[in-house]
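Notes for the one structure printed next.
The values are calculated or read from the model by the stated rules, or taken from the named source; none is laboratory data. Just so it is clear, the model here is predicted, and its values are computed rather than measured. Cβ placement follows ideal geometry from the backbone for every residue including glycine, while neighbour counts extend to all protein chains displayed.
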Amino acid sequence: MPISFSAEKVAGVLGTPGSFPAEKEMGTFYKILGVRPNLRESRGNANFGFFKEFPMPDEKLGFVSEALDNYCVDHSTPASTICNEIETYTRKSVEQSMMLTGPLEGAFLKFLIRLTGAKRVLEFGTYTGYSALSMAEALPSDGKVVTLDIDPKNTAIAKEFWSCSDHGKKIQLILGDAVETVRLLEGQFDLVFIDADKPGYIKYLDAALAKLSVKGVIAVDNTLFSGEVLQKSPPSENGRAIAAFNERVRTDPKLDTVLLPIRDGLYLIRKR
Ligand SMILES: C[S@@+](CC[C@H](N)C(=O)[O-])C[C@H]1O[C@@H](n2cnc3c(N)ncnc32)[C@H](O)[C@@H]1O
């Protein structure tokens, strides 16, 4: 089905983030229950358990309180209007909206690009296009984001939003399984952002290392996985994949690394 909205229309209908009714209803819902949903249960493909009879919560992932998270966002470079519109639309209308990276991580990725002078960026996992556009906005006019995803539906939403931005022309989306696609890519990348399926992370890391420029950086999302990594045997398949990935990185003497508790964990990796 063709998508017939523009970012302006979406913004007009939905208003600013936090203002649409569903968000307010969920806030009331949490107050009535006196609890917030378990982050692990609110992940994509998870069994929602107690919450499955209720609207899916648009839970933000993270280890700091919502108030502190908002404080950090308020004290970081703000997201662009179009990124805000992607976030608002996605949280309101797209399944598994907790997958969206959001303003703090977006600001961090932009900072990293400007700090390192990155010009070519590779992303594993596009979804509705928030992080790809954030990164494109920080690139010079001849910079490029190549973003890989397997899902034509959500990436069609991404393309619609990108077409409303001057920076959208810097983004190239390639549809298909990322492991297959990445083999076909030519050239080196200065920043690689890994944020696709968790069981694929080790393969994505190996592909990223092979294509990384000398001073290139790899940033890997969800590497604390809601704290599952603390468990000897993480309960979910994704949690186990992340634990194995983190161990692979930790034990590689050729890598210089720092694992940061930003949102759901962001592992920064470069070659020594
Ligand atoms: C966490 S989301 C990406 C979020 C995005 N970076 C953002 O900021 O909104 C993960 C994405 O990985 C994609 N994905 C899952 N398996 C994949 C595969 N084998 N190859 C490519 N993409 C895949 C999913 O379709 C999904 O859109």
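Here are the numbers for this structure:
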read-out: LEU209 part of a helix (DSSP H, G or I), in contact (Cβ under 8 Å) with a residue 12 or more places away in the chain, out of contact with any helix residue (DSSP H, G or I) (no Cβ under 9 Å at 6 or more places or on another chain) and surrounded by 14 or more Cβ atoms within 10 Å (Cβ to Cβ); value: yes
read-out: Some residue of region 225-236 being under 20 Å from LEU122 (Cα atoms) and not in a strand (DSSP E or B); value: no
read-out: Of all residues making up region 85-116, the number that are farther than 21 Å from LEU224 by Cα and either touching a helix residue (DSSP H, G or I) at 6+ places or on another chain (Cβ under 6 Å) or within 13 Å of the ligand (Cβ to nearest atom) (or both); value: 13
read-out: Of all residues making up region 244-264, the number that are surrounded by 14 or more Cβ atoms within 10 Å (Cβ to Cβ), modelled with pLDDT of 95 or more and under 25 Å from LEU104 (Cα atoms); value: 5
read-out: Residue, surrounded by the most Cβ atoms within 10 Å (Cβ to Cβ), within region 117-142, restricted to residues that are within 7 Å of the ligand (Cβ to nearest atom) and assigned to a loop (DSSP other than H, G, I, E, B); value: GLY129
read-out: Search result, residues across region 165-182 that are more than 10 Å from LYS211 (Cα to Cα) and within 13 Å of the ligand (Cβ to nearest atom); value: ILE171, LEU173, ILE174, LEU175, GLY176, ASP177, ALA178, VAL179, GLU180, THR181
